[in-house]
Every structure is written in C-alpha cells, then in structure tokens.
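Take a look at the structure set out below.
The values are calculated or read from the model by the stated rules, or taken from the named source; none is laboratory data. None of the values given here were measured: they were computed from a predicted structure. Backbone-built Cβ (ideal geometry, glycine too); neighbour counts: all protein chains shown. Ligands, DNA and RNA are excluded from the accessible area calculation, which covers all protein heavy atoms including side chains. Shrake-Rupley method; radii C 1.70, N 1.55, O 1.52, S 1.80 Å.
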Amino acid sequence: MDKQNNILKICDLGIGYQSKRASNNILFDRINLTGNSGELIALVGKNGIGKSTLLRNIIGLQEPIHGSVLFYDKPVKSYHRSEFAKLVSFVSTEIVNISNLKVFDLVALGRFPHTNWFGKLKPNDLMRSTRALEMVGMSSYAKKNINEISDGERQRVMIARTLAQDTKIIVLDEPTAFLDLPNKYEIVHLLNKLSKEENLPDGLSAEQAGKAGKTIIFSTHDLNIAIQEADKIWLMLDDEIIEGAPEDLILNEILNKIFTNTNLSFDKLKGDFRMKRKHTEKIGLFGEGIYYTWTKKALERLGYSVEKGNESIKNIKIEFRNDSCKWTLIDGVKMEDFNSIYDLSIHLKIQTRLSIDRL
Amino acid sequence: MLQKKHIILIWLLLSFILIVLFITDVFLGSVNIPVKEVLKVLFTGETNHPEYLTIIYKFRIPKALTALFAGFALSVSGLQMQTVFKNPLAGPYVLGISAGASLGVAILVMGVSTFTVVSQFGVLGNWMVVIAAWLGSGLILFLILAISVRVKDIMTILILGIMFGSATSAIVNILQYFSNESMLKAFIVWTMGSLGGVSSAQLKVLIPSVVIGLLITFLSLKLLNAMLVGENYAKSMGLNIRLSRFLVFFSTSLLAGSVTAFCGPIGFIGIAVPHIARMVFKTANHKTLLPGSMIFGGIILLLSDIISQLPGQERTLPINSITALVGIPVVIWIIIRNQKLTSVS
C-alpha cells in the first residue's frame with residue numbers, strides 16, 4: 001500500500017477505562033486498524049460494545065491503555081492541540097441546542113484553530129464557513145437559530161462545522177442516532193460524497209489539500225446503511241475488531257458474527273438482516289410476483305412456514321378478480337375471501353388464538 | 001435577524017439611558033440637592049454650596065460608580081458562568097459564589113478581627129476584606145470546578161452549588177451566633193447589600209479589581225464562544241480547557257468576589273441580566289453579549305439603586321431586596337419559557 005495514503009494507523013491499541021483501585025477495565029486489546037484518504041469508514045457494533053470509547057481514543061479525548069493511534073505516523077499525543085485540531089475534527093452525540101446561536105456562527109466556530117486569540121474572522125474564514133454550509137446544502141439556513149431547525153438539519157450544520165475546521169480526518173459518533181430513515185440515508189450519503197471530494201478550494205497547496213479527499217470515520221448501528229455507503233467497515237465483535245470492505249465481510253461470513261446469540265441472521269443474497277423465526281405451522285401459498293413475495297413475508301411474520309403450491313395443507317390462493325386482488329383461504333372444505341393482507345392476517349390471528357384456547 | 005442599523009440604534013439608546021440613570025442616581029439621596037446644582041457640580045465642578053460639593057463627591061458619585069461597576073461585574077460573571085456551566089440558571093448568587101465571599105468576609109469580620117480594626121487599616125483593610133471575599137468565592141468555585149470534572153450532569157452541579165451556598169450560609173450563621181452585638185450588626189447590614197456604604201477609598205480597590213476582571217473576560221471571548229458548544233467540542237477544536245476554565249473562574253471570582261466584599265451579596269443581577277442581553281441582541285456570541293450584559297447590568301443596578309432611595313424619603317431600602325424583585329420575574333420567565341432547561345443559556 002502507498003505509505004503516504006495511510007493517514008491513520010492504529011497499532012496494538014488497548015482501550016477501556018483505567019481505574020486506580022481495581023484492575024483496568026479493558027474493552028479491547030490489540031486493536032489494529034487503518035484509515036486512508038478518500039475513505040468513508042463505518043465503525044459498526046452492538047450498543048455499549050465500546051464504539052464511542054474507540055472514537056474518543058482516536059481523537060485524543062481519552063488516553064489509550066496501551067498501544068498508539070498514529071496520524072501520518074505520529075502519535076496523537078505528539079501533536080500540539082491546535083495542530084491536531086487542524087488535522088482531526090469531531091462530531092459527538094451531544095445535541096447542541098443553544099438558544100440564539102445562529103447556524104452560521106456555529107459553523108464559523110469551526111475556524112477556531114485557524115483564527116487569532118480574539119477569534120477574528122478574516123474574509124478567508126468567512127468564505128470557508130459559507131462554502132462549508134453550501135457543501136451540506138444548508139446555505140439558506142445561515143441566519144436561523146440552531147434550536148429552531150430539525151435534528152437532520154442540525155446534524156448537517158454540525159458536519160458543516162467540521163468542514164469549516166478544514167481537517168483531513170472527520171470523526172463522527174453516531175451521526176444518525178436521532179434521525180428518521182430518509183435522513184439517516186441522506187446524512188451517510190453526504191459523508192460518502194464528502195469523503196470523495198477535494199478539500200476546500202484555494203489557500204492550500206495541492207499536496208496539503210490532498211486530491212484524494214478526506215478520511216471520514218463514523219460509528220453506527222445501522223448496518224444496512226453502512227454496507228451501502230461505507231468504503232470500509234470496522235466491525236466490532238465481542239473480542240476483536242475486524243476491518244474490510246463491507247462486501248468482503250459479507251463474503252467471508254464475518255458480518256454474520258455480529259448477531260450471534262441473537263434472533264437475527266444475515267441474508268447474504270439480499271444483503272440485509274432478518275429475524276430468525278420459529279415457525280409453528282405450515283401453510284400453502286399460490287400466487288405470482290410481488291403479491292406472492294409480500295404475502296409470504298406477512299405469513300412468515302405471523303409465524304407460518306410457507307410452502308409454495310402445497311394444496312394438501314391449509315393454503316392461500318392469490319387471485320385477481322375485476323382488477324382487484326383477493327386472497328382466498330382454503331382450510332379443508334371451508335373457503336373465505338379477503339380483500340387485503342391485513343384482513344387475512346386478522347383472521348389467521350383469531351384462528352390461532354382459538355386453537356390455543358381449545359388446547 | 002437584527003440589522004446593523006438597529007443594533008447601533010439600540011447601543012445609542014442604551015448608552016443614553018445609562019447616562020441619564022447615572023445622573024439621576026447622583027441627584028438622588030437623603031439630602032435634597034436641586035437638579036441645577038447637581039449638573040453644575042458634575043459639569044463645572046463649582047457651586048456656591050460647599051456642602052453640596054462634599055455630598056456629591058464623597059457620597060453620591062462613589063455610590064453611582066459603585067452601582068455602575070457592580071452592575072458590570074455581576075452581570076459579566078453571570079454571563080461567564082452560564083456559558084461554562086451550560087446552564088441558564090447559573091450565576092454567582094445561585095451557585096453560592098456570593099455566599100462563599102460572605103463566608104470569607106464573615107470570618108474576617110467576626111472571626112479574626114472586628115470591623116473597626118479592619119477599617120483602621122484604611123486601604124489595606126479594604127484590601128483585606130476584598131481578598132477574604134476573593135478567597136471565599138474562589139473556594140466555592142474551586143469546589144464546584146473539582147466536582148464538575150467528575151460529575152458531568154449540569155443539574156447535579158447546580159444543586160451541589162446550591163448546597164455549598166447553604167452550607168456556607170450555615171457556617172456564617174454559626175459565626176454570627178458567637179459574635180458580639182456590634183460585629184453582628186455590622187455584618188448583617190453588610191449582608192443586606194449596600195451601594196452607598198462604599199467609600200472612595202474602597203472604590204480605589206473595587207474599580208481596579210472589576211476592570212482587571214473585565215479585561216480577562218475580554219481576552220477570553222474566543223474561549224467563551226467555543227465553550228458554548230460544550231467541552232468535548234471545544235477540545236476537539238483545539239481549546240485549552242484548563243487554561244480557559246482557569247481564566248473564567250479567576251475573573252468570575254475577581255468580579256463577583258470584589259462586589260460582594262464591598263456591597264454585600266447582591267442577588268439576581270448575575271442570573272437575569274445576561275438573559276436580557278440575549279433577548280435584546282438575539283445572539284449567543286460573547287463579542288456582543290459581553291458589552292451587552294455590561295450595559296444592561298449597569299442600567300439595572302443604577303435603576304435598582306434609584307428605586308431603593310425611595311425618592312422623597314430619607315430612608316433607603318436594602319439593594320438586595322430591590323434586585324431580587326427586579327430579577328426574579330426574569331428568572332421565572334426563563335424557567336417557564338424553557339421548561340426542559342436543556343436549552344442552554
């Protein structure tokens with residue numbers, strides 16, 4: 001690998017909490033990870049496994065128990081704090097909710113390590129802050145108050161602040177935690193885009209700006225999004241952290257390990273997770289295409305094991321009559337029509353309950 | 001969003017109000033001096049009544065200056081504490097900083113010596129009082145700071161601050177119990193707060209202390225703005241947290257401690273005024289809020305002093321009661337407006 005590309009190296013890192021009285025509470029021992037420019041890295045793992053702790057170690061908010069985090073082959077500690085602030089920026093899980101704080105002022109705070117003792121914003125600082133807001137698509141929000149915008153918008157503003165800080169590396173702790181599904185995808189997609197873009201124009205020489213883009217590391221427990229957008233996944237398992245392209249982790253059956261001891265399993269073909277269900281009863285299903293697929297999903301949710309085209313047991317036929325779809329339940333000699341999957345499922349649920357009551 | 005023109009207009013208006021209140025405050029007092037004579041003394045320094053000259057220079061102007069500088073100091077210390085603690089209800093009075101200063105003074109007045117002995121030292125005695133107050137307020141601030149390193153929850157810190165304040169008051173009460181009548185009276189009058197009791201000799205200590213405190217705050221503007229978003233963010237932007245905390249706590253002790261030393265504990269200016277400044281200037285930027293809090297602090301304390309003179313009467317009310325009556329509605333308004341209290345400062 002091109003040595004110059006290797007911006008972040010984590011060598012034999014041990015993380016956890018040091019305590020004076022008891023022995024150290026080590027979460028992970030011997031972590032070895034790398035990060036390169038132009039990469040969006042997703043740190044994935046269960047809740048409470050230590051994602052934030054690892055990130056805090058990377059950005060120097062917490063001391064490693066042993067080992068080191070190297071940026072450009074220099075340990076975090078050897079950087080002066082203002083030098084480091086020009087290299088790595090951070091978005092934490094804290095919600096910044098300050099009345100009367102303008103969006104633009106918050107973004108311009110990112111210029112902190114670049115301005116003088118009084119924090120005087122020069123034209124260049126103003127230009128970079130404006131450009132940062134543009135890059136996250138929030139230009140029209142510049143004069144709004146930070147506590148008057150939505151969670152997704154606020155997260156974009158926080159990201160703009162890191163862009164104004166103008167660092168090669170951006171670290172984000174759970175940037176999608178409070179967001180709804182569309183916003184989650186948009187934020188991660190934005191991060192992906194930013195990791196590929198050149199640094200802010202002008203002022204910096206080509207080497208400094210780095211044509212290859214930024215290294216962006218974010219923690220999440222949204223595996224689906226991570227798989228779709230991240231260039232690399234740092235997968236936190238119970239006793240080790242494995243890195244690789246999401247596709248490699250899928251093909252090597254590593255991604256499945258994250259949910260051992262849970263009711264989830266990973267569907268390698270579809271690329272998503274599903275609940276392992278205990279099927280209690282078999283049911284036959286006749287039908288075609290998308291109606292078949294979704295009816296099958298509904299039946300599985302209700303606890304049935306679906307057998308295609310089995311007429312010998314209780315079964316359901318999906319048919320089109322007069323342009324509308326009908327579901328016909330055939331149970332021995334009884335036949336009943338339903339207009340929606342919902343009606344069908346209510347009927348099946350009542351049946352199940354009756355049979356349980358009879359027992 | 002306020003236009004630049006509006007902001008300049010607001011500043012001009014506020015400055016005008018401040019000047020008018022200052023002159024009014026000089027005009028008011030237990031002796032009636034005609035307005036014409038007051039203006040004559042203020043602008044020409046001459047009058048046909050030498051006693052007016054004495055009253056104005058020895059009592060009225062020191063009193064008005066005290067109100068002005070105490071207003072600056074208390075509101076700026078409140079502003080800084082609200083930012084550092086990320087809490088809209090923080091202030092020197094609420095967090096027990098004033099109580100700490102009281103303890104320092106109480107120990108000096110009732111424990112170590114008597115008021116008479118202290119006052120015999122002249123300027124040196126004044127320094128002793130102010131240093132005792134600094135130490136007292138610094139002690140409480142240090143305790144709160146030490147706890148805030150371990151306890152992250154701001155509400156807990158606030159409650160602990162209130163506890164420290166109560167404990168300090170309890171110790172002061174015990175000291176009162178063991179002190180003799182004259183010392184007790186001196187101390188109780190002091191706790192009621194008084195702007196008029198500050199002599200020009202004491203002003204020579206008060207004003208430089210406040211000016212130094214304000215200068216430190218001016219130098220910390222960038223740090224304060226960064227601390228607004230929380231310490232983790234501030235650190236990630238390269239802020240030296242230890243230095244910043246030290247600067248803020250040092251200047252806060254200096255500001256709140258000095259005022260408390262000479263005027264007694266004056267409540268609710270520190271907590272209420274920064275909110276008024278935020279409301280009027282609609283910003284969280286300390287570059288505006290610092291001068292904004294100063295001017296509103298000066299205005300409100302001068303106004304409180306004018307009210308306490310009970311125009312036309314010979315008595316004066318304790319300034320602390322007036323500031324409480326002026327400040328408490330603002331505090332209630334803050335609590336009702338952001339009931340969650342998560343919305344910082």
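Go through the residues of segment B:219-236 one by one and say whether even a single one is farther than 30 Å from residue A:120 by Cα and either in a loop (DSSP other than H, G, I, E, B) or in contact with a Leu (Cβ under 7 Å, 6 or more places away or on another chain) (or both).
No: zero hits.
Can you report the number of residues in segment A:137-172 which are within 18 Å of residue A:84 (Cα to Cα) and open to solvent by 10 Å² or more (accessible area, probe 1.4 Å)?
2
Taking the conditions exactly as written (in the same structural domain as residue A:29 (by TED's automatic domain parsing) and surrounded by 14 or more Cβ atoms within 10 Å (Cβ to Cβ)), does residue A:256 satisfy them or not?
Yes, satisfied.
Please find, within segment B:315-329, the residue that is most open to solvent (accessible area, probe 1.4 Å) out of those that are in a helix (DSSP H, G or I) and over 14 Å from residue B:94 (Cα atoms).
Looking at residues that are in a helix (DSSP H, G or I) and over 14 Å from residue B:94 (Cα atoms), I get B:325.
Is segment A:80-91 home to any residue that is buried (at least 23 other Cβ atoms within 10 Å of the Cβ), farther than 23 Å from residue A:187 by Cα and more than 27 Å from the chain's Cα centre (by Cα)?
No, segment A:80-91 has no match at all.
Go through (1) open to solvent by less than 20 Å² (accessible area, probe 1.4 Å); (2) not in a loop (DSSP other than H, G, I, E, B) for residue B:91 and report which single condition fails.
Tallying (1) open to solvent by less than 20 Å² (accessible area, probe 1.4 Å); (2) not in a loop (DSSP other than H, G, I, E, B), residue B:91 fails exactly one: (2).
Could you identify the single residue in A:220, A:215, A:262, A:295 that is under 24 Å from residue A:48 (Cβ atoms) and buried (at least 19 other Cβ atoms within 10 Å of the Cβ)?
A:220
Would you confirm whether or not segment A:96-107 contains a residue that is on the phi < 0 side of the Ramachandran plot, open to solvent by less than 20 Å² (accessible area, probe 1.4 Å), more than 8 Å from every other protein chain (Cβ to nearest Cβ) and touching a residue at least 40 places away in the same chain (Cβ under 8 Å)?
yes
Give segment A:273-301 a look and list any residue that's assigned to a helix (DSSP H, G or I) and among the acidic types (Asp, Glu), or say none.
A:300
Quick one: would you say residue B:246 is closer than 30 Å to residue A:158 by Cβ and at pLDDT below 90?
Considered against the rule, which asks whether it is closer than 30 Å to residue A:158 by Cβ and at pLDDT below 90, residue B:246 comes out as yes.
Kindly establish whether residue A:90 is facing chain B (nearest Cβ under 8 Å) and under 23 Å from residue A:193 (Cβ atoms).
yes
Out of the residues in segment A:115-136 that are touching a residue at least 12 places away in the same chain (Cβ under 8 Å) and open to solvent by 60 Å² or more (accessible area, probe 1.4 Å), which is nearest to the other protein chains (Cβ to nearest Cβ)?
Per the criteria, the residue is A:126.
Scan (1) more than 14 Å from chain A (Cβ to nearest Cβ); (2) assigned to a helix (DSSP H, G or I); (3) under 22 Å from the mean Cα position of the chain (by Cα); (4) in contact (Cβ under 8 Å) with a residue 24 or more places away in the chain for the single condition residue B:171 breaks and write down its number.
(3)
Taking the conditions exactly as written (crowded, with 18+ Cβ neighbours inside 10 Å and in contact with a His (Cβ under 8 Å, 6 or more places away or on another chain)), does residue A:45 satisfy them or not?
Here the answer is yes, as residue A:45 does meet what is asked.
Just to confirm my filter: which strands (runs of 3 or more DSSP E) fall fully inside segment A:302-359 and include at least 2 residues that are open to solvent by less than 50 Å² (accessible area, probe 1.4 Å) and closer than 19 Å to residue A:286 by Cβ?
By residue number, A:304-308, A:315-321, A:324-331.
Can you pull out every residue in segment B:82-97 that is within 16 Å of residue B:335 (Cα to Cα) and within 15 Å of the chain's Cα centre (by Cα)?
B:82, B:90, B:91, B:94
Please enumerate the residues belonging to segment B:250-287 that are open to solvent by 10 Å² or more (accessible area, probe 1.4 Å), in a loop (DSSP other than H, G, I, E, B) and away from every other protein chain (no Cβ under 12 Å).
B:265, B:268
Please tell me if residue B:70 is under 23 Å from residue B:297 (Cα atoms), out of contact with any Asp or Glu (no Cβ under 8 Å at 6 or more places or on another chain) and hydrophobic (A, V, I, L, M, F, W, C).
So residue B:70 fits the description; yes.
Tell me which residues, restricted to segment B:195-227, are open to solvent by less than 30 Å² (accessible area, probe 1.4 Å) and of a type in the set (Gly, Ala, Ser).
Listed by number, the residues that qualify are B:209, B:213, B:220, B:226.
With the checklist (1) more than 13 Å from the chain's Cα centre (by Cα); (2) more than 14 Å from chain A (Cβ to nearest Cβ) in hand, flag the one item residue B:247 doesn't pass.
(2)
Return the only residue of A:70, A:55, A:40 being within 13 Å of chain B (Cβ to nearest Cβ) and open to solvent by less than 40 Å² (accessible area, probe 1.4 Å).
On inspection, the qualifying residue turns out to be A:55.
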